[in-house]
Structures are given as C-alpha cells and as structure tokens.
1. Among the lysines in region 89-228, how many pairs, 8 or more places apart or on different chains, have alpha carbons under 20 Å apart?
2. May I ask you to evaluate 6.51 cos²θ - 1.76 cosθ + 1.60, the Karplus curve with θ = phi - 60°, for each residue of region 81-93 and list the ³J(HN,Hα) values in order in whole Hz, giving x for glycine and proline?
3. Within a Cβ distance under 13 Å of Glu104, other residues only, what is the Lys/Arg minus Asp/Glu net charge?
4. Amide H of Ser77: which non-local residues (sequence gap of 5 or more, or other chain) have their own amide H closer than 5 Å, using H built in the peptide plane?
5. Just to check I understand the Karplus step: with θ = phi - 60° and J = 6.51 cos²θ - 1.76 cosθ + 1.60, what whole-Hz values come out for region 179-186, glycine and proline as x?
6. Which shape class applies to region 137-212: rounded if a/c is under 1.5, otherwise prolate when a/b exceeds b/c and oblate if not, where a ≥ b ≥ c are the square roots of the Cα gyration tensor eigenvalues?
7. Which of the three applies to region 89-228, rounded, prolate or oblate, going by the alpha-carbon gyration tensor with a ≥ b ≥ c and a/c under 1.5 meaning rounded?
8. Go through 167-179, 88-100 and give me the packing order, highest mean Cβ count within 10 Å leading.
Amino acid sequence: MLGKSRRMICSLLTQTPLHLAYYWSSSIYKTKPSTHLHNFSSGFLGPISSPAIRAFCSKSGEVGGMASSLQNQGSISYLTQREAAEIDETLMGPLGFSVDQLMELAGLSVATSIAEVYKPSEYNRVLAICGPGNNGGDGLVAARHLYHFGYKPFVCYPKRTPKPLYSGLVTQLESLSVPFLSVDELPVDLSKDFDILVDAMFGFSFHGKLLDTHTIFYNSFNFMFMHMRRDAATIL
Ligand SMILES: NC(=O)C1=CN([C@@H]2O[C@H](COP(=O)(O)OP(=O)(O)OC[C@H]3O[C@@H](n4cnc5c(N)ncnc54)[C@H](OP(=O)(O)O)[C@@H]3O)[C@@H](O)[C@H]2O)[C@@H](O)CC1
C-alpha cells in the first residue's frame, strides 16, 4: 500500500483542527491510513504502539478503559486527551521524568519510526509544522533527528515560545542549517514540495475552538491539507 507517490503526515500525539491526522504508530503502515481517520472534534484520540505504554494503560484502571476498548481496531491502540495527560503526569510526577527528557524521547521516537518505514532515499523532504506548546517542541526535536538520519527537514514554527528549552531547540536546528519557513513561504500544495509532513501543532492541551489570533495560521494549513491530493497523503 505504500506506493512511491504516497506521502506521510505525522501527527505527534495531537488534537488538531485538521481532519487528516492521527498519531504515528509503528504498526500503522500495515493498514490503510483511511481506515484510521478519526473525527478529532469529538475528542482527542491518539493511537499508540508502544507495548510499555499499553501495559501502563491496561494497569491503570479507568485510564486503560478507552485504550483497551479501541485496541482491537486493527493493530492500533488509542488514548483519549485525558488519558495522555494522565500518563504525562505520572511520568513527570512519581517517575521523575523531565519535560526535555520526554520531549527528546518523543521526537526521537517519531524520527526513528519515520526512518523505519520511509527511507530517506525515497522520502527525503520533510516539513515539520510546529505549534506553540510542547507538541511543537516534539516536532522540533523530530526535525533534528531526521536531519541526522539523512532527511532534508524544513520547519514551520510561526508562533514561537520564548523559553530556553524552545530557543535551544531552534538554535540546534539553525546550527544544522535546517530552513525555517514562514506560512507565507509554504506552497499551496504541500504534497508537491514535501514527501513527509510532521504535524506537531497541538497535543493534549488543545482546548475549545481555534482562537481568533491563531485562525489565520491554522486555517492556512487546513486549506493546504484539504487540497493535497487524496492519494498523496499517508496520514500519521
Ligand atoms: N510533560 C509534557 O507536557 C510533555 C508533553 N509532550 C507533548 O506535548 C503535548 C502537550 O504539550 P502542551 O501541554 O504544551 O500543549 P500543546 O497541546 O502542545 O499546545 C498548547 C498550546 O496550544 C495553544 N492552544 C490550545 N488550544 C488552542 C486553540 N483552540 N487555538 C489555538 N491555540 C490553542 C495553547 O495556547 P494557550 O491556551 O496557552 O493560549 C498553547 O500555546 C503532548 O500532547 C505531547 O505531545 C512531550 O513533549 C513530552 C513532555
């Protein structure tokens, strides 16, 4: 099913306004992407593939309920927005992980997963669309690792967060000469210029409807995704 013309959109544990998004799973390429599209407006659902997380979910009572009930849809399991946030609270609370540690792991996992399925010799041009929160940080990390894996990443990061963690991630990409593109610089049809899209716009902190101040940016992407050739997008 992975024809040469197919492109990929990688969504990092995200609730996104785009209808074409779901979280990357290493097993997902075995199944037709279209069977895994979800209506994200009704709530966050991010499929996961990690056995460790699955085990964590299934041991956590209520947290595991939704994930388990959806686990039999193909080989993907799912988390609700609340479940994802609860796992993060546990990782950062009793288990003592730091944000930058988890962000590095998230970005590296995505980059590794992409490399496992889409070889850089065939799918070289990657666009990471990064939002203002930690999900955007995951995308910045993924772009850096993809560069080291032999891809040509581009980053669109229009609403930057003035925190040292994020400015460090930007500096690291700039030191590798990874191009940062503004929304205006992006082509209308993303599928012509990019082989892989990493959607790192929103994670579990997305709430309500898109705010006016962000509408122009996010509407632009909505428009572009809608106009991508249907067959050209492998959605992750
Ligand atoms: N420990 C962790 O937390 C880790 C988290 N990780 C990853 O981060 C994700 C969670 O990150 P997060 O909590 O920073 O939030 P995220 O969803 O990226 O964005 C929030 C931003 O979006 C904005 N925004 C919200 N709603 C909006 C709307 N309707 N329209 C427009 N804007 C809206 C909101 O704006 P605000 O409401 O503050 O004005 C804020 O700026 C999580 O899913 C995982 O992928 C990993 O890195 C590992 C460590």
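1. Numbers: Lys119/Lys152; Lys119/Lys192; Lys152/Lys192; Lys159/Lys209.
Eligible lysine pairs with Cα atoms under 20 Å apart amount to 4.
2. 4, 5, 5, 5, 5, 5, 5, 4, 4, 5, 4, 8, x
3. Numbers: positive: Arg144; negative: Asp100, Asp138.
Net charge in that neighbourhood comes out at -1.
4. Correct list: Ile48.
5. Working through the residues one at a time gives x, 9, 10, 7, 4, 5, 7, 7 Hz.
6. Verdict is oblate for region 137-212.
7. Numbers: a/c = 1.63, a/b = 1.13, b/c = 1.45.
Since a/c reaches 1.5 but b/c is at least a/b, the shape of region 89-228 is classed as oblate.
8. Those peptides, ordered most packed to least, come out 167-179, 88-100.
Throughout, read-outs are computed from the coordinates displayed, never taken from laboratory work. Worth saying up front: this structure is predicted, and the values here are computed from it rather than measured. Neighbour counts are summed over all protein chains in view; Cβ atoms, including those assigned to glycine, are modelled from backbone coordinates with ideal geometry.
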